[in-house]
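Structure first, then comments.
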Amino acid sequence: MGLEIRDLVGPEREDAIPAILDSFVGIYRWHAKRTLRRVASVRGALEGGQIRGISMLEDLVPGVGYVYYVAVRAADRRRGVGGALLDDALDRFRRARTEIVYAAAEEDNIASRRLFETRGFRVVRRDEPPWREGGLGAWGLRSKMMVVSGEVLMGLRLNPPGTSITLVPARAGGT
Ligand SMILES: CC(C)(COP(=O)(O)OP(=O)(O)OC[C@H]1O[C@@H](n2cnc3c(N)ncnc32)[C@H](O)[C@@H]1OP(=O)(O)O)[C@@H](O)C(=O)NCCC(=O)NCCS
């Protein structure tokens, strides 16, 4: 597989719409399109000049990354494209000294949950200690993520607590 993974910038991001249409319906489709145009980073997996899949990535706060979406064209699934996009995302977060990466997955979306699990993500419980205390708890960040009813929050620790370049000040409130 001759995949090239690179940033999609400006109008190029519109070329990712078919991957979104293949992957989401209803409110998720609406939100994915909106996020495509606003999110800090869209990575495209290209083969033969065609976009086979995309990821949308952002820092929620310094040290905490979020994978908004990974979406692969229906015809290109189970060929390693989603895995390559997630590896690319984690590589970028690791190089930025990100401590924790989160992603939300629909409870019954086996493909999505397995994909994240293959890269070491696990379900984060609501009562876990906050990420700054060494747990994976999402702390006060839920409002910045789109975790809705019927979804689970998944997380992966990449670096020990306190190793990101800038730490946000402590805030009141639990997970
Ligand atoms: C989830 C998704 C991105 C996976 O992309 P993909 O290119 O098919 O994934 P890969 O081929 O790299 O698979 C990596 C691993 O994920 C798991 N996986 C992927 N699809 C799976 C499925 N349908 N059933 C079970 N496990 C699956 C497997 O462990 C797989 O490894 P394997 O093929 O060696 O068994 C793709 O199914 C998709 O676009 N779905 C719709 C959008 C979506 O739900 N995105 C995730 C939430 S944002």
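The values are calculated or read from the model by the stated rules, or taken from the named source; none is laboratory data. These numbers were taken from a predicted model, which means no experiment stands behind them. Cβ atoms come from the backbone with ideal geometry, glycine included; neighbour counts cover every protein chain shown.
A few comments on the model shown:
- Of all residues in the stretch 94-123, those that are without any contact (Cβ under 8 Å) to a residue 60 or more places away in the chain have Cβ atoms under 7 Å from Cβ atoms of residues that are of a type outside the set (Lys, Arg) and exposed (fewer than 13 other Cβ atoms within 10 Å of the Cβ), 6 or more apart or on another chain, in GLU106/GLY150; GLU107/GLY150.
- Against the criterion of being near the ligand (Cβ under 9 Å from one of its atoms), on the phi < 0 side of the Ramachandran plot and modelled with pLDDT of 95 or more, ASP15 does not qualify.
- ASP108 of a type in the set (Asp, Glu), within 14 Å of the ligand (Cβ to nearest atom) and more than 22 Å from PRO18 (Cα to Cα): yes
- Every condition in (1) of a type outside the set (Gly, Ala, Ser); (2) modelled with pLDDT of 95 or more; (3) more than 8 Å from the ligand (Cβ to nearest atom) is met by ARG77 except one, and the failing one is (3).
- Number of positions in the stretch 80-98 that are within 11 Å of the ligand (Cβ to nearest atom) and part of a helix (DSSP H, G or I): 7
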